[in-house]
Amino acid sequence: MIQLKNNQSFQSAFSALKKLSKNETVKRKLSFRFESEFLNYQPFLKDFSSQHYEIFDEISHQLDLQGSIVDLFEGEVVNKTENRPALHHQYRINQKSKEFNFKKITQPYIQKIKKDGFKNIITFGIGGSYEGPKLLHEFTKNESSKLNYYFISGPDKDEFNSILKPLSGQKNFYIFSSKSLSTDETLACLKWLGRKRNSMNSIVITSNSKKAISMGFHENCIIPFPESIGGRYSIWSPISLSTGLENNFSSFLNGGSLADKMMLGNLKEDKQYQKFIKILAFSDLWFSNFKNKKNRVILSYNWKLRSLANYIQQLEMESLGKQANPRSVFKETGQSIFGGFGSTAQHSYFQLLHQGTARFCTDIVYSTSKISPLSSAQAKGQASLLSSNFKGPTTLLEKTNSNSPVNLFHLNKLSLAGLGFLIATWEHRVFITACMLEINPFDQYGVSAGKLIAKKFLS
């Protein structure tokens, strides 16, 4: 556990934050923009100033935040409850190692799929084993591809039949993703598939190789999955094999690796990146703990990123949705995340955002497109309106009352490397927030409890 080095200065900093929360006059306006090869960031964080940042930063020093970051990347036991390191970043940083070399691990299976002329790739998995590969596929989908891709989560047989019945008699390849091979949804799919699955047309990605063999999987059809990687952090691993079939997956890893290096680095530009991540984490804590803004909407204004909100929802809520540490001064441990494709959302729940009484924060992700200029215009327009930064004329009926804190993320280009940089950045945001809260972002006992209860109703 993190131990405070100077409890007096820590308490003094927190008292200053409480005082600021009651003070409507915000001093030293936050003036900050981050620009990198892949991502530009602009905050519209009314009620969060440079003064707030400085106080939070003092608290982070007392908590030895930098030490926690180093521990994570050096493979120390940061998942205290399960007594494990969290090694998902090794796929990005240590790509040539035997255990974390995505290309070397997946290449035999990729070659087999291409050589044997499979037509359909069906991936079975739930949680991170579903959201990650699905997001990557939607981002990289090639309309001229000869392969068809399908993703099945598995709790309902109607989902299973609706996808697989039309594919009956075709050359299908099945990918089963289950860390423990005890995931009920994936096991149900295995049962329903029955004899259609064999050693020539299926593989399993798991950390429980013994159980896989006992279930009839040949040892050559088992891709080992490290125990030290949680499902919501598995997008970097062979779980995303389907994306590697037709794409240079290393570019995705390289984008994430760059974010890691900047998180650890000491160069001037790295300091800017670190400050950018801290602003994200600190402002999240400020608005949820002191301003009663316990909800955050995530809007992506690119069709290729339409599932980004779903992916981040799991990443954040499963990582930060924990009981407050009794030792921590922060008692609100995570915001409720919702969102989706921005252009669609504007015609579904934006009325609530603009003129309702709900209190929330906003993350907007977009890229400039000559093909679809409307999307980027909508992104910038909503950022302006939601943050009360719009100065144009309005009628009484058009008047908004949102005043939502807005983080605006501009992707310089829609590339796998850029997506890798964005997702690794979001992981860093979650980790720093968890360190400030003094909670473990790598376990998920609440999820496990729900599964155990469900089993009782099945018996």
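No lab work stands behind these numbers, since they all come straight from the coordinates. Small disclaimer: the values here were computed from a predicted structure and weren't measured. In this analysis, Cβ positions are derived from the backbone assuming ideal geometry, glycine residues included, and neighbour counts consider all displayed protein chains.
Descending by average beta-carbon neighbour count within 10 Å, the peptides 89-98, 152-161 line up as 89-98, 152-161, the highest first. Of the peptides 364-371, 57-64, the ranking by mean beta-carbon count within 10 Å, highest at the top, reads 57-64, 364-371. Counted by Cβ distance under 11 Å from residue 174, the other residues give a net charge of +2, where Lys and Arg count +1 and Asp and Glu count -1.
Quick check: net charge around residue 289, other residues with Cβ under 12 Å of its Cβ, Lys/Arg +1 and Asp/Glu -1? Once positives and negatives cancel, what remains is +3. For the chain, a Kirkwood hydrodynamic radius built from all Cα pairs, placed in the Stokes-Einstein relation at 37 °C and 0.692 mPa s, yields a translational diffusion coefficient of 140 µm²/s. Summing charges over neighbours of residue 413, with a neighbour being any other residue whose Cβ is under 15 Å away from its Cβ, gives 0 when K and R count +1 and D and E count -1. Potential lengthening of the chain between residue 377 and residue 159 amounts to 74.8 nm, from the contour at 0.36 nm per residue minus the alpha-carbon distance. With unit charges on the beta carbon (Lys/Arg positive, Asp/Glu negative), name the residue among 155, 192, 36 whose Cα is farthest towards the positive pole of the charge dipole of the chain. Ranked along the dipole, the leading option is 192. Panel values: the range 265-319, Kirkwood radius from alpha carbon pairs, Stokes-Einstein at 25 °C and 0.890 mPa s, translational diffusion coefficient 184 µm²/s.
Restricting attention to the chain, close to 20% of DSSP beta bridges with both partner residues there are antiparallel. Annotation: the residues 319, 21, 307, sorted from fewest to most other C-beta atoms within 10 Å of their own C-beta, follow the order 21, 307, 319. What 222 nm value per residue comes from the helices of the chain, counting each DSSP H run with n ≥ 4 as -39,500 (n - 2.57) and dividing by all residues, nearest 500 deg cm²/dmol? Computed mean residue ellipticity for the chain: -14000 deg cm²/dmol. Quotient of the Cα radius of gyration of the range 100-225 and 2.2 N^0.38 Å, N being its number of residues: 1.00. Its Cα centre serving as origin, the chain has a Cβ charge dipole (Lys and Arg +1, Asp and Glu -1) of approximately 620 debye.
To test your reading of the geometry: what angle, between 0 and 90 degrees and rounded to tens, separates the Cα axis of helix 308-320 from the longest principal axis of the chain? That helix lies at roughly 70 degrees to the long axis.
With a ≥ b ≥ c the root eigenvalues of the C-alpha gyration tensor of the range 219-260, is it rounded (a/c under 1.5), prolate (a/b larger than b/c) or oblate?
Values: a/c = 2.57, a/b = 1.27, b/c = 2.02.
The shape class here is oblate.
Between 0 and 90 degrees, the angle of helix 7-22 with respect to the longest Cα principal axis of the chain falls at about 80 degrees. By how many degrees, between 0 and 90 and to the nearest 10, does the Cα long axis of helix 373-386 differ from the longest principal axis of the chain? Tilt of helix 373-386: around 40 degrees.
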